[in-house]
Amino acid sequence: MTDSLTIRDNRTGEEHEIEIVDGTIRAADLKKVGGLATYDPGFVNTASCRSAITYIDGEQGILEYRGYPIEQLAEQSSFLEVCYLLLNGELPTSDQLAQWTHDVTHHTFLHENIKSLMTGFRYDAHPMGMMMSSVSALSTFYPHASDISDPENRYLQITRMIAKMPTIGAFAYRHSQGKPYIYPDNELSYCANFLSMLFKMSERDYAADERLVKALEVLFILHADHEQNCSANAVRSVGSSQVDPYSAVAAGIGALYGPLHGGANEAVLKMLRRIGSTDNIPSFIEGVKAGNERLMGFGHRVYKNYDPRATIIKKATEDVFEVTGVNPLLEIAQELEKIALEDEYFVSRKLYPNVDFYSGLIYEALEFPPEMFTVLFAIGRTPGWLAQWQELVTDKEQKIARPKQIYTGERQREFVPIDQR
Ligand SMILES: CC(C)(COP(=O)(O)OP(=O)(O)OC[C@H]1O[C@@H](n2cnc3c(N)ncnc32)[C@H](O)[C@@H]1OP(=O)(O)O)[C@@H](O)C(=O)NCCC(=O)NCCS
């Protein structure tokens, strides 16, 4: 048996042999079959790159970063360690981790003019909009970032972005609260510093509960990468024009802003509030099955099994609620999950809870307003976007992203002057 595909073109009777490599055929090879192209809205069955960063087996519910199972990373590593792993392919030695932590910690401050930019937003500006704008504005503060072929320069910009994202996220939050922005405290860990910038008031030092710091680490680790999702694809697509990484990541933030991607956990909370009590679950489920709405936090393009991140988050939810007290919406969520997992509609469509089903409950317990949920996702996802971007710019096979279309419009019409229309 050869690794090839024979295609018989019934229009002409001709046969064509097409090579199969890594379980794929090259779409460009189809050109020789009478100029054939593939049509794949939403890229449901199209590989756009080779990648060695994240492995997902959606049928079995497996997620690995650089070959390490997400469960082990969430349990045993820190977020900065995971960032290093995603970006470099290997877990850091203790010296490497110390250097990396030092570098990130010393880039957490923002230029004062970025702060001024942020203060210029309306009082009710969505923090994701503020974050997207601020990250793209960073490209004007670091014009050398456009030299993407220099590995040292890339390292500097990557470090800056990972360091500054929590500062931007926290400033956006303080802005929405009308509170003074809190500068980074370089004595604190990545997540403890973030909590300090968010919640510190008049106290000299802000010491977050260690269990909450750990929960945030876990949440960031779980969100750190997810291979070719909508926002990673946006980063790669924009990055393929060889623009600087701030502009490419700003595009990723824009993609994440959408309700079908990063906004789902906020939608889950709204849904749980609307359901209001476990008594209303059966009628709600009937409405979903009738196609009136979706059960938010359920279903995934890739996972056709329990999302492994949802299992870890469910456990973290319990740890957080030990500190903060139980959120009554948890009971509704658990009951909803139980019913949906037994219902033929959800079972036959392989709809299981995804990462967003429980994350909103944790974020709310940590006293984040819903508009901040996607900002937290963006901070966690930044190393993934940057690892994907770095892989893209060092991949000789990559080209500027430019899909084909099937043109369905009019052709060759005569212009009609306005008074004759
Ligand atoms: C994530 C999501 C966009 C994936 O979509 P997709 O891969 O394009 O899947 P489809 O929209 O084709 O759905 C396949 C079938 O399952 C149904 N379905 C998918 N998600 C559903 C949900 N959350 N509730 C109810 N039905 C759902 C669809 O109606 C469709 O049914 P049909 O075959 O009878 O028409 C989708 O599952 C969804 O909208 N989920 C809710 C939002 C969410 O939680 N997003 C976070 C993702 S991490």
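The numbers here are math on the coordinates, done by the rules we state, and not lab data. On a predicted model such as this, the values are computed, not experimentally measured, just so you know. In this analysis, Cβ positions are derived from the backbone assuming ideal geometry, glycine residues included, and neighbour counts consider all displayed protein chains.
Tabulated values for the structure
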quantity: Extension gain, Lys350 back to His111 (0.36 nm per residue minus Cα-Cα distance, nm); calculated: 81.3 nm
quantity: Order of Asp356, Asp244, Asp147 under a 10 Å beta carbon neighbour criterion, fewest first; calculated: Asp147, Asp244, Asp356
quantity: Potential extension, Glu414-Asp150 segment - 0.36 nm per residue separation minus Cα distance; calculated: 89.9 nm
quantity: Dipole in debye (nearest 20) - the range 78-396, about Cα centre, beta carbon charges: Lys, Arg +1; Asp, Glu -1; calculated: 760 debye
quantity: Length released on extending from Gln242 to Tyr55, taking residue separation times 0.36 nm less the Cα-Cα span; calculated: 64.8 nm
quantity: Filter on Lys200/Lys315; Lys164/Lys214; Lys214/Lys314; Lys115/Lys200; Lys115/Lys164 - keep pairs with C-alpha separation over 23 Å; calculated: Lys200/Lys315
quantity: Within the range 331-366, backbone nitrogen closer than 15 Å to the virtual label 7 Å beyond the Cα of Glu293 toward Cβ; calculated: 333, 336
quantity: Dimensionless Rg over Rh [the chain; C-alpha; Kirkwood]; calculated: 1.01
quantity: Charge dipole (the chain, unit charges on Cβ, about Cα centre) - positive-most of Tyr123, Pro369, Gln420; calculated: Gln420
quantity: Cleavage-rule hits, chymotrypsin sites (Phe, Trp or Tyr not before Pro), the range 1-78, DSSP coil, Cβ neighbours within 10 Å at most 14; calculated: Tyr39
quantity: In nm, spacing of pseudo-spin labels at Arg211 and Asp343 (7 Å Cα→C-beta vector); calculated: 3.3 nm
quantity: Given 14 as the ceiling on other Cβ atoms within 10 Å, longest exposed-site-free region of the chain for GluC sites (Glu not before Pro) in DSSP loops; calculated: 91-186
quantity: Distance (nanometres) between label positions extended 7 Å along Cα→Cβ at Thr394 and Asp124; calculated: 4.7 nm
quantity: Sparse-neighbour loop sites [trypsin sites (Lys or Arg not before Pro); the range 5-82; at most 13 other C-beta within 10 Å; DSSP]; calculated: Arg11, Arg26, Arg50
quantity: Trypsin sites (Lys or Arg not before Pro) within the range 268-309: DSSP coil, no more than 10 neighbouring Cβ in 10 Å; calculated: none
